[in-house]
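Here's the structure, in C-alpha cells; my notes come after.
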Amino acid sequence: MRIWKFGDNVDTDQIIPAEFLTTGDAKALAVHAFSKVRPEFAVAVQEGDIIVAGSNFGCGSSREHAPRALLGAGITCVIARSFARIFFRNAINIGLPLIEADVVDQIDEKDQIELDVDRGLIENLTKQEAYSFQPLPLFMQQLLKSGGLIKYIKAQQT
Amino acid sequence: MPTIAEKILGEKAGKGKAARAGEIVECDVDYVMVNDVTGVPAFEVFEAFGPEQSIKREKVVVVQDHYVPNKDVASAEQAKALRTYARRYKIAHYYEIGRGGICHQVMIEDGFAAPGRLIIGADSHTCSYGALGAFSTGVGSTEAAAAMATGTLWFKVPETQKFVVDGALQPFVMGKDIILHIIGDIGVSGSLYRAQEFYGTAIEQLSLSDRITIANMAIEAGAKTGIIPPDEKVFTFLKGRVRGEYSPVYADGHREDYEKIYEYDAAEIPPTVARPFVPENTAPARDLDVTIDQAYLGSCTNGRIEDLRVAAALLQAPRRVHDDVRMIIVPASDRVFQQAIAEGLIQTFLAAGAFVCGPTCGACLGGHMGVLAKGERCVSTTNRNFIGRMGHKDSEVYLANPAVVAASAITGRITDPNEL
Ligand code: SF4
C-alpha cells in the first residue's frame with residue numbers, strides 16, 4: 001500500500017483528461033489517470049493504494065470516468081479535506097469509498113495507514129498517530145456496502 | 001420558511017411539504033439528460049441492471065454534442081453506440097448533429113427546462129436550468145442509469161446561499177462578469193454541497209441568456225444548483241415552447257433560511273477575466289497585459305444569440321480579428337446558428353476574419369475544433385480554465401464574456417471593450 005498525495009482543487013480533467021473519454025471501461029481509463037499532471041501515477045499505482053488530498057477533490061465535470069479510472073487503478077479509498085459534490089456522489093454510487101478528513105498535512109506519501117471506516121478512524125502506523133473523521137450518513141454507508149447504487153437498488157427490489 | 005431547493009425537493013419527494021437541508025430524500029425526476037460522453041456508460045449500466053421495458057423513455061433526453069462531428073474513430077464508435085441505444089429504447093427525445101446542439105441549450109430551447117422542475121443530467125453544467133427556476137444538477141452515468149430505470153434518484157437536500165446583486169451594470173458587463181466576480185470572491189469551493197439563489201435588481205434586469213450564464217457556472221463554485229426565481233421573462237420565453245405544465249416555486253425569503261447571504265453592488269463589477277488555472281483567479285480585464293493566440297466564442301455558457309450579437313457589434317468593419325489571433329465562433333445550437341445567419345451576424349464574423357462552425361462542445365473541453373498547442377493562450381467565453389482544459393497541459397485559458405473575447409480578438413491581447 002502506498003499513499004498518493006495531491007493538493008487542492010484536483011479537477012476531473014486532471015484525473016482523466018477529456019481526450020480519453022471515448023471509453024467507460026475502468027481498466028482502460030486507469031491507464032490515463034493523471035496522465036497530464038502526474039504521468040508516473042498510472043505506471044506505479046497498485047491495488048490497495050490510497051489517495052490523500054486537500055479540498056474540493058474531483059471538481060469540474062460530472063464524468064464518472066474519473067472515479068472509475070481511480071477504481072480501475074486499484075485505489076481503495078480517497079481521503080480529502082472536501083470533495084466536489086458530483087465526484088462525491090459518483091464515487092459512492094459506483095462503490096469507491098471516500099473519507100472526508102483534513103489529514104493531508106499529517107500524512108506523508110511513505111506512511112503506512114490503516115482505515116477503520118465503521119469507527120471513523122485513520123491510523124498512521126508510521127507516525128503512530130490516529131485521526132478521527134465523521135463517518136458517512138447511514139444511507140451512503142449502505143450504498144457503499146452494497147457495492148454502489150445499482151446493486152443497492154437491486155437488493156431493495158428483491 | 002424554506003428555500004426554493006427545499007421546496008422543489010420536498011414536492012418531488014411527495015412529502016406534500018418542503019424538505020429540510022441535510023435530509024436525504026428520494027425524488028421523482030422530470031427529465032434525465034445524457035450526452036455522447038456520458039450516455040454510453042449510462043446505457044451500459046442500465047442494461048446490466050434494468051429490464052428493458054422498465055426504461056422511463058419519456059423522461060430520457062439524449063444529445064450528441066461533445067465529440068460531434070466525430071473527431072476520430074473512437075468518438076465515431078461512441079456516437080454510434082449512443083445512437084444504437086437511443087433506437088433500441090425508442091428514445092423520442094434524441095438529438096442528432098444538425099438537429100440540436102449543445103445539450104444544455106437544447107434542454108432550454110426545446111422546453112424541457114421549466115420552473116419548479118427537477119432535472120438531472122449526466123453533465124456538470126446541467127445546473128444551467130436554474131436560470132428558469134428549475135432545480136437541475138449534474139450527475140454521473142450510474143445515477144442517470146438508475147433514474148432511467150426507476151424515474152427517481154436520491155438527493156441530500158442542500159443548504160442554500162443567497163446572492164443579492166443590486167444596481168446598474170457598467171457598459172460591457174454581462175452575466176458572465178457577475179458570476180466570475182462572485183466565484184472570485186467566494187472561491188471554487190465557496191458553494192460546495194450548497195444550492196445558490198440569486199436576487200437583486202441587477203439580476204432582474206438581465207436577459208434570460210445572461211441568467212443562464214450565471215446558473216451555468218454555479219458548479220464552478222462547487223454548488224449543486226444555482227437558481228434564479230422565475231419572472232415574466234422566463235414565462236414569455238416558455239410560451240409555445242415548454243413541454244407540459246409547470247408551476248413556479250419561490251422561496252419565502254426569510255434571512256434565517258439561508259446558510260449565508262452575500263451582497264454585491266453591480267456598479268463595482270468590471271469586465272472580469274478568470275486567469276488560469278481555476279475560475280476563482282479573477283482580475284479586471286483592464287488590469288491584464290496578456291497576448292493571446294486564440295479567441296473562442298461559444299459553449300453552453302456564452303454561445304447564445306445574445307452573445308453573438310454583442311461580439312458582432314464589436315467586430316463590425318473596418319475592425320478585424322488581429323493578424324496573430326485565430327478567432328473561433330461556435331453557436332450553442334442549430335437554432336442559434338440559423339438565427340445568427342438570418343441576422344447577418346455570421347457574415348460579420350466571416351468578414352472580420354473569424355472561423356465559424358456549427359454547434360458542438362468541441363474546443364470547450366479540448367476535444368476538437370480548436371485545441372491549443374503547447375504554450376498557447378486562449379481567451380474564451382467558456383466556463384473552465386483548468387490545466388489542459390482546451391489542449392496541451394502548458395496552454396492557458398482565460399475566461400471572459402463575449403465582449404471581452406471579441407475586443408481581445410481585435411487587439412491581440414486581453415482587452416476591456418471600453419478601451420476600444
Ligand atoms: S459546451 Fe463545454 S461546458 Fe458546455 S456542455 Fe459542452 S463541454 Fe461542457
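Taken together, the values in this text are just the output of simple stated rules run on the coordinates, not laboratory data. Keep in mind it's a predicted model, so treat the numbers as computed, not measured. Positions of Cβ are backbone-derived with ideal geometry, glycine not excepted, and every protein chain shown enters the neighbour counts.
Annotation: amide H-H contacts under 5 Å for B:Val164 (H modelled 1.01 Å from N, sequence separation of 5 or more, or interchain): B:Tyr199, B:Tyr262, B:Glu263, B:Tyr264.
Placing +1 on each Lys and Arg Cβ and -1 on each Asp and Glu Cβ, with no other charges, gives region B:4-264 a dipole about its Cα centre of roughly 660 debye. Positive end of the dipole of region B:4-264 (Cβ unit charges, origin at the Cα centre): among B:Gly226, B:Ser209, B:Tyr89, the Cα lying farthest that way belongs to B:Tyr89. Tell me, how many Å apart are the Cα centres for region B:155-206 and for region B:228-276? For region B:155-206 versus region B:228-276, the Cα centre distance is 8 Å.
Subtracting the Cα-Cα distance of B:Lys15 and B:Gln205 from their residue separation scaled by 0.36 nm leaves 64.9 nm. A simple spin-label model places the labels of B:Lys239 and B:Asn418 3.6 nm from each other, with each point 7 Å out along Cα-to-Cβ. When you restrict to C-alpha pairs under 8 Å that are six or more residues apart and normalise by the size of chain B, the relative contact order lands at 17 percent. Between B:Ala332, B:Ala146, B:Ala131, the Gaussian network model of chain B with springs among Cα atoms under 10 angstrom shows the greatest mean-square fluctuation at B:Ala146. For region B:311-362 versus region A:97-158, the spacing of their alpha-carbon centroids is 51 Å. Think of region B:274-419 as having a plus end and a minus end, set by charges on the Cβ of Lys, Arg, Asp and Glu; of B:Leu308, B:Ala283, B:Cys364, B:Cys364 sits farthest toward the positive end of this dipole. Hey, quick one: spin label on A:Ser146, modelled 7 Å out along Cα-Cβ, who in region B:21-42 has an amide N within reach, i.e. under 17 Å? Label zone hits: B:24-29.
Take the Cα of B:Asp323, step 7 Å toward its Cβ, do the same at B:Asp231, and the gap between the two points is 4.8 nm. Label-to-label distance, B:Ser54 versus B:Arg88, with points set 7 angstrom from Cα along the beta-carbon direction: 1.6 nm. With unit charges on the beta carbon (Lys/Arg positive, Asp/Glu negative), name the residue among B:Ala145, B:Ala131, B:Val173 whose Cα is farthest towards the positive pole of the charge dipole of the protein assembly as shown. It is B:Ala145. Count Lys and Arg as plus one, Asp and Glu as minus one, and take only other residues whose Cβ is under 14 Å from that of A:Arg2; the net charge is then -4.
Panel order for B:Glu280, B:Glu23, A:Glu47, by other beta carbons found within 10 Å of each beta carbon, from fewest to most: A:Glu47, B:Glu23, B:Glu280.
In the distance distribution for the protein assembly as shown, Cα-Cα pairs more than 41 Å apart total 18 percent. For the protein assembly as shown, what does -39500 (n - 2.57) per DSSP helix run (n ≥ 4), summed and divided by total residues, give at 222 nm, in deg cm²/dmol to the nearest 500? Calculated from helices alone, the mean residue ellipticity at 222 nm is -8000 deg cm²/dmol.
Just so you know, the Rg over Rh for region B:17-160 is 0.97, from Cα atoms, with Rh as the Kirkwood radius.
Residues of A:62-75, mean number of Cβ from any other protein chain within 10 Å of their own Cβ, rounded to a whole number?
Average per residue, whole number: 4.
Which of rounded, prolate, oblate describes chain A, given a ≥ b ≥ c as roots of the alpha-carbon gyration tensor eigenvalues and a/c under 1.5 marking rounded, otherwise prolate only if a/b is larger than b/c? Oblate is the answer for chain A, as a/c is 1.5 or above yet b/c matches or exceeds a/b. Compute, for the protein assembly as shown, the length of the dipole vector about the Cα centre, with Cβ point charges of +1 (Lys, Arg) and -1 (Asp, Glu) only. Units Debye, rounded to 20. Using only the charged Cβ atoms, the result is roughly 1500 debye. Using equal-weight Cα scatterers in the Debye expression, the normalised intensity of chain B in log10 at q = 0.10, 0.12, 0.13 Å⁻¹ is -0.63, -0.93, -1.09.
Counting neighbouring Cβ atoms within 10 Å and putting the fewest first, the residues A:Lys36, A:Lys110 line up as A:Lys110, A:Lys36. In a GNM of chain B with a 10 Å cut-off on Cα contacts, which of B:Cys361, B:Cys27, B:Cys300 has the highest mean-square fluctuation? Result for chain B, Cα springs under 10 Å: B:Cys27 fluctuates most. Across the cross-link table entries A:Lys27/A:Lys154; A:Lys27/B:Lys80; B:Lys59/B:Lys176; A:Lys36/B:Lys374, which are compared at the Cα atoms, the separations over 20 Å belong to A:Lys27/A:Lys154; A:Lys27/B:Lys80; B:Lys59/B:Lys176.
Which of these, B:Glu232, B:Glu44, B:Glu143, has the largest mean-square fluctuation under a Gaussian network model of chain B (Cα springs below 10 Å)? Answer for the Gaussian network model of chain B: B:Glu232. Of all DSSP bridge pairs formed entirely within the protein assembly as shown, close to 25 percent run antiparallel. For region B:4-264, the share of DSSP beta bridges that are antiparallel, to the nearest 5, is 15%.
Ranked by the mean number of other Cβ atoms within 10 Å of their residues, highest first, the peptides A:2-10, B:186-194 fall in the order B:186-194, A:2-10.
Ordering B:Ser380, A:Ser132, B:Ser136 from the fewest to the most neighbouring beta carbons within 10 Å gives A:Ser132, B:Ser380, B:Ser136.
Within a straight-line Cα-Cα reach of under 20 Å, A:Lys110 can be paired with the following lysines, leaving aside sequence neighbours fewer than 8 residues apart in one chain: A:Lys5, A:Lys127. Which residues does a label at B:Gln347 reach in region B:287-310, if reach means a backbone N under 11 Å from a point 7 Å past the Cα toward the Cβ? Answer for region B:287-310: none. Measuring how big region B:274-419 is from its alpha-carbon positions, Rg and Dmax come out at 13.6, 39 Å.
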